[in-house]
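Trainee: Here it is, the structure in full.
Derivation of every value follows stated rules applied to the coordinates shown; laboratory data play no part. Just so you know, these numbers come straight off a predicted model, no measurement behind them. With ideal geometry, Cβ positions are generated from the backbone for all residues, glycine too; neighbour counts draw on all protein chains shown.
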Amino acid sequence: MTRRIILGEGDPKRLFVGGLHGDEWRYTSAILESLDAPGAGAGTLVIIPKLTDQAYISTLDDRYYESYGREIIAAIREINPAIYLELHSYRDFDGLTDPGRIDRAFVPAYIELEDGVLIGSISPILRRACFSMHDLCISFEIPEWGGRSRDLVARLLKSAVNCVSRSEFVDFVLSRYPEQGRLAIENYKRFYGV
């Protein structure tokens, strides 16, 4: 079993996961480990800072959930988080943000918030297996080369820690990134038909 950090107590529960494949934990784990507990009475945050450092398998591939991803599925079923968040790192900005990604990878493109920080939905394989279409499941991507993106995503995650509902998180993102937030929501609704 991978290491879990449990901060706070009670509901709502949040699960933040990093280091989902390959060496991305090198760029994401410290950010997750720097987070504090939700405010008093604001529930629980469970962090898995490094799921694996094994070979890269895409979370868009069923084989991922037959290997490394089994642990995520087990954690989700055990914790039953109201907010689920993955933190990834990337090398291919253009591939992730290309509007043609829907035709190539069968998932919507990520949206850049600023400074290379991308927001999108988690793998549809995991979403369909563990969540309803109305649960808050977010994926953030940061560039491996870091820069200001690490500080920005740390601030975003610290705010997400204290959100107690999907609508509160959506309002938070829309208040800071109205255009990007609306586009991300439109992509999600079109893809899932909600």
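Trainee: Mind listing which chymotrypsin sites (Phe, Trp or Tyr not before Pro) in the range 86-155 are in a DSSP loop and have 12 or fewer other Cβ atoms within 10 Å?
Mentor: Phe106, Trp145
Trainee: Still on this structure: Using just the helices of the chain, give the 222 nm mean residue ellipticity in deg cm²/dmol: DSSP H runs with n ≥ 4 each add -39,500 (n - 2.57), and the total is spread over all residues, rounded to 500.
Mentor: -12000 deg cm²/dmol
Trainee: Sticking with this one: Summing Lys, Arg as +1 and Asp, Glu as -1, what charge do residues with Cβ under 11 Å from the Cβ of Arg148 carry, Arg148 excluded? Don't jump to the answer; show the numbers that get you there.
Mentor: Numbers: positive: Arg150, Arg155; negative: Glu114, Asp115, Asp151.
Neighbourhood net charge equals -1.
Trainee: For the range 143-191, what does the convex hull of the Cα positions come to per residue, in cubic angstrom?
Mentor: Measuring per residue, one finds 95 Å³ for the Cα hull of the range 143-191.
Trainee: If one puts a single equal scatterer on every Cα of the chain and applies the Debye formula without solvent, what log₁₀ I(q)/I(0) results at q = 0.12, 0.13, 0.16 Å⁻¹?
Mentor: The computed values of log10 I(q)/I(0) come out as -0.53, -0.63, -1.02.
Trainee: Starting from the range 4-52, pick out the chymotrypsin sites (Phe, Trp or Tyr not before Pro) whose DSSP state is loop and whose Cβ has at most 15 other Cβ atoms within 10 Å.
Mentor: none
Trainee: Loop only per DSSP, at most 13 neighbouring Cβ atoms within 10 Å: give me the trypsin sites (Lys or Arg not before Pro) in the range 57-161, ordered by residue number.
Mentor: Passing both the DSSP loop test and the Cβ count: Arg91.
Trainee: Here's a follow-up. Starting with the fewest neighbours, write out Thr2, Thr59 ranked by other beta-carbon atoms found within 10 Å of each beta-carbon.
Mentor: Sorted ascending by nearby Cβ count, the order is Thr2, Thr59.
Trainee: Of the chain, which part is the longest with no GluC sites (Glu not before Pro) in a loop (DSSP not H, G, I, E, B) and with at most 15 other C-beta atoms within 10 angstrom?
Mentor: On the way: sites that count: Glu9, Glu144.
Answer from the scan: 10-143.
Trainee: Straight-line reach from Lys13: which lysines have a Cα under 18 Å away, not including same-chain ones fewer than 8 places off?
Mentor: Within the straight-line cut-off, Lys13 pairs with Lys158.
Trainee: When DSSP beta bridges are limited to those with both residues in the range 5-192, what percentage is antiparallel, rounded to the nearest 5?
Mentor: 40 percent
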